[in-house]
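First comes the structure, then the notes that go with it.
Just so it is clear, none of the values below were taken in a lab; they were calculated from the coordinates. Computed from a predicted model, the values in this text were never measured in an experiment. So basically every Cβ, Gly included, is an ideal-geometry build from the backbone, and we count neighbours across all protein chains shown.
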Amino acid sequence: MIITLDNMIFFAHHGVFESERLNGNTFRVSVHIELDDTPGCTTDRVEDTLNYQQVYDIVREEMSHPSNLLEHVANRIIKRLTALDEPSRVSVCVEKQNPPLGGDVQWVGVTLQHRRHNC
């Protein structure tokens, strides 16, 4: 099963340039969490599955801590999400709108993935 929170929008202060960190920008975050199994599929009880609100709150909190690199933000989010309900795989995409590249670029982003290794 894959749980997806797609295109969460945040205003944050990530970036290498001082102007980015001072003025802020719009960011988009998508998260895909793969679980081996969840009892919620049969019980229909929220406490038997991964709580979407908890995932959103983690992303929102990590987006509020400024970083130079999108890679750093995505890695912080992945570390926190991999501690939830032992997901078998987590993918996090963090994108910045209109990055200061000297040209017309609508979004720039990074995607990080983590896969649990079973011994």
Checklist entry - Tell me, what is the Rg over Rh of the stretch 2-115, with Rh the Kirkwood radius over Cα pairs? => result 1.04
Next on the checklist: Under 8 Å for C-alpha pairs, at least 6 residues apart: give me the relative contact order for the stretch 2-115, rounded to a whole percent.
Outcome noted: 28 percent
Checklist outcome for this item: Connecting every pair of Cα atoms under 10 Å apart in the chain and solving the GNM, the largest mean-square fluctuation among Arg21, Arg45, Arg80 falls on Arg45
Item to check | Listed residue (Met8, Asn68, Ser30) projecting farthest to the positive dipole end of the stretch 2-115, Cβ model | outcome: Asn68
Checklist entry - How large is ³J(HN,Hα), in whole Hz, for each residue of the stretch 57-65 in order, when computed from phi with the Karplus curve 6.51 cos²θ - 1.76 cosθ + 1.60 and θ = phi - 60°, using x for Gly and Pro? => result 4, 5, 4, 4, 5, 5, 5, 7, 9
